[in-house]
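Only the coordinates and a few stated rules stand behind these numbers; no lab work does. Since this is a predicted model, take the numbers as computed values, not measurements. A quick note on method: Cβ atoms are made from the backbone with ideal geometry, for glycine too, and the neighbour counts reach across all protein chains shown.
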Amino acid sequence: MTPASPTPTARERILHTAHDLFYREGIRATGVDRVIAESGVAKLTFYRHFPSKNDLVLAYLAHRHQTWLAWFEAALARHGQNAHAIAPAVGEWLQEPTSRGCAFLNTVSELAGALPEVTEITRRHKADMSAAIAAVLPPAQAHLATAVALAVDGAIVRAQFDRSAH
């Protein structure tokens, strides 16, 4: 979603590798040893940056929030920065061949019981998504942003199992 720096640090390599693996294959399905191997860092380096897998998951969500929200706001601007921009922006994202739904909803489904912090992180992400939607709605309709965001989430979930839905 965002280009990596020309020479990524070990922490950045770990985080980008985890981001790709967690999003593509799921968090529970991705072990720390695989992240270490694919990021090309030593085990000690990994644990110096992320003392536990849970720390890595929380960093992944923070990174995902920042990159996805920046992308979403830019997509809304590309499509006209108005209420009519929402559907094409979401459609653009769902058309991505690597789209696997909402990283936050996926994480809540996988880990909410084991790592309750993901629920609050997801709430904040969804509130920020609603705020981005409110920013493109006419002022008199800004109160509808949460409902529109809920519809967007529904479209995202639907697209996960019905590729013809986008």
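Measuring r between the beta carbons of LEU105 and ARG11 and using R0 = 30 Å, the FRET efficiency lands at 0.70.
Across the chain, Cα pairs under 8 Å and at least six residues apart give a relative contact order of 20 percent.
Cβ-Cβ distance of GLU120 and TRP71, R₀ of 25 Å, FRET efficiency by 1/(1 + (r/R0)^6): the value works out to about 0.65.
Each helix, a run of at least 4 DSSP H residues, gives -39500 (n - 2.57); summed and divided by the residues of the chain, these come to -22000 deg cm²/dmol at 222 nm. What share of Cα pairs, in percent, lie more than 24 angstrom apart in segment 18-113? That tail contains 33 percent of the Cα-Cα pairs.
Site pair GLN160 and HIS143 shows an inter-label distance of 3.2 nm when each label is modelled 7 Å from Cα along Cα→Cβ.
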